[in-house]
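Contents: one structure, followed by commentary.
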Amino acid sequence: MTESYESVTVEIKDHVAQVTLIGPGKGNAMGPAFWSELPQVFAALDADRDVRAIVLTGSGKNFSYGLDLAAMGGTMTPMLAEGALARPRADFHRELQRMQGAITAVADCRTPTIAAIQGWCIGGGVDLISAVDIRYASADAKFSVREVKLAIVADVGSLARLPLILSDGHLRELALTGKDIDAARAEKIGLVNDVYTDAEACLAAAHATAAEIAANPPLTVAGVKDVLDEQRTDRVAASLRYVAAWNSAFLASKDLLEGIGAIMGKRTPKFTGE
């Protein structure tokens, strides 16, 4: 069985669903279709009793470049107007909560989810993999919590969920520098479980684990996941609420415009703290 959306494809075989990011932005960047479709996809998989495990991966050479700035830039434009008052900030807050909800739909899915990550996994890509249960990487995978380099506090899930995955120092190093790390480093700090020689081997390993999970009694598996998730649900929800309010108040800045302009112009930004 295969289902198609604009941003992903869904294939179901032998109780395992494979959700593949397909863009349409370059590098499977996350544009309007992604944020609208992801909750639909995972709600449908959650309701499908025949699906006992989910493998999440990206098409082509990369997992995801993260937020599609060109396609989603309009979300922030009204709030960036000088002297923007409550209405554009409230509208942005609502849109941000909707985007948070797309990633939360993955985390809240009662079906265990395994990410197979190849190539770049940047920004929103890290938000997404932080919401799954198990993460595998190919040797060429590279990760970056890059929002700080755009003068953005990461607000869709990384800062809420990575504290439950990484040690505090490792997380702060990634989030405060925006640096890139390779697969070996990601494995060493616990961001991924294992590293495989290439994307094909990584995906095969994800499917092998999915098959192991699918062979177990489904109600018991759901119970294990539910009990584990209960320990983090309230903490993550509180963090998401806080960062949504924080960014709605403080995101608009000259540095944000400079960060986006530098990315688009492929130049080094000059931040002034304004």
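The values are calculated or read from the model by the stated rules, or taken from the named source; none is laboratory data. None of these values were measured; they are calculated from a predicted model. Please note: Cβ atoms are built from the backbone with ideal geometry, for glycine as well, and neighbour counts cover all protein chains shown. For the accessible areas, the whole protein counts, side chains as well, though only heavy atoms, and no ligand, DNA or RNA atoms are used. Shrake-Rupley method; radii C 1.70, N 1.55, O 1.52, S 1.80 Å.
Numerical summary
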| quantity | calculated |
| --- | --- |
| Percent of C-alpha pairs per 5 Å bin, the chain, short to long | 1, 6, 13, 18, 19, 18, 13, 7, 4, 2, 1, 0 |
| Loop sites in region 16-117: GluC sites (Glu not before Pro), DSSP, at most 13 other Cβ within 10 Å | 82 |
| Residue 253 versus residue 180: modelled label distance in nm, points set 7 Å from Cα along the beta carbon direction | 2.4 nm |
| Distance between region 184-240 and region 76-154 - C-alpha centres, whole angstrom | 18 Å |
| Antiparallel content of DSSP bridges confined to region 1-88, in %, to 5 | 55 percent |
| Packing-based order for 160-173, 231-244, 135-148, using average beta carbon neighbours within 10 Å, highest first | 135-148, 160-173, 231-244 |
| Sparse-neighbourhood loop sites, trypsin sites (Lys or Arg not before Pro) in region 1-53 - DSSP loop, at most 10 other Cβ within 10 angstrom | 49 |
| Members of 179/270; 26/254; 26/225; 26/149 lying beyond 22 Å, as alpha-carbon distances in this model show | 26/254; 26/225 |
| Per residue value of the accessible surface for the chain (all protein chains in place, 1.4 Å probe), Å² | 48 Å² |
| Residue-span extension gain [residue 270 to residue 165] - 0.36 nm each, minus C-alpha spacing | 34.6 nm |
| Principal axis dimensions, region 121-184 - Cα atoms, whole angstrom, descending | 30, 21, 21 |
| Crossing angle, helix 254-265 versus the chain [Cα axis fit, 0-90 degrees, rounded to tens] | 60 degrees |
| Amide N of region 135-161 lying under 15 Å from the label point, which is placed 7 angstrom from the Cα of residue 216 along Cα→Cβ | 135 |
| Highest-fluctuation residue, 219, 256, 45 considered, GNM on the chain with Cα pairs under 10 Å | 219 |
| Percent RCO, i.e. relative contact order, over region 73-206, from Cα pairs under 8 Å lying at least 6 residues apart | 26 percent |
| 10 °C / 1.306 mPa s Stokes-Einstein diffusion coefficient of region 192-274, Kirkwood radius on C-alpha pairs, µm²/s | 90 µm²/s |
| Cα-based shape type of region 124-274, given that a ≥ b ≥ c are square roots of the gyration tensor eigenvalues and the cut on a/c is 1.5 | oblate |
| On Cα atoms only, tilt of 86-108 relative to the major axis of the chain in degrees | 20 degrees |
| Region 33-138, relative contact order [Cα under 8 Å, separation at least 6], % | 42 percent |
| Antiparallel DSSP beta bridges within the chain, as percent of all bridges there, nearest 5 | 35 percent |
| Cα gyration tensor of region 74-170 - equivalent ellipsoid semi-axes, whole Å, descending | 28, 16, 12 |
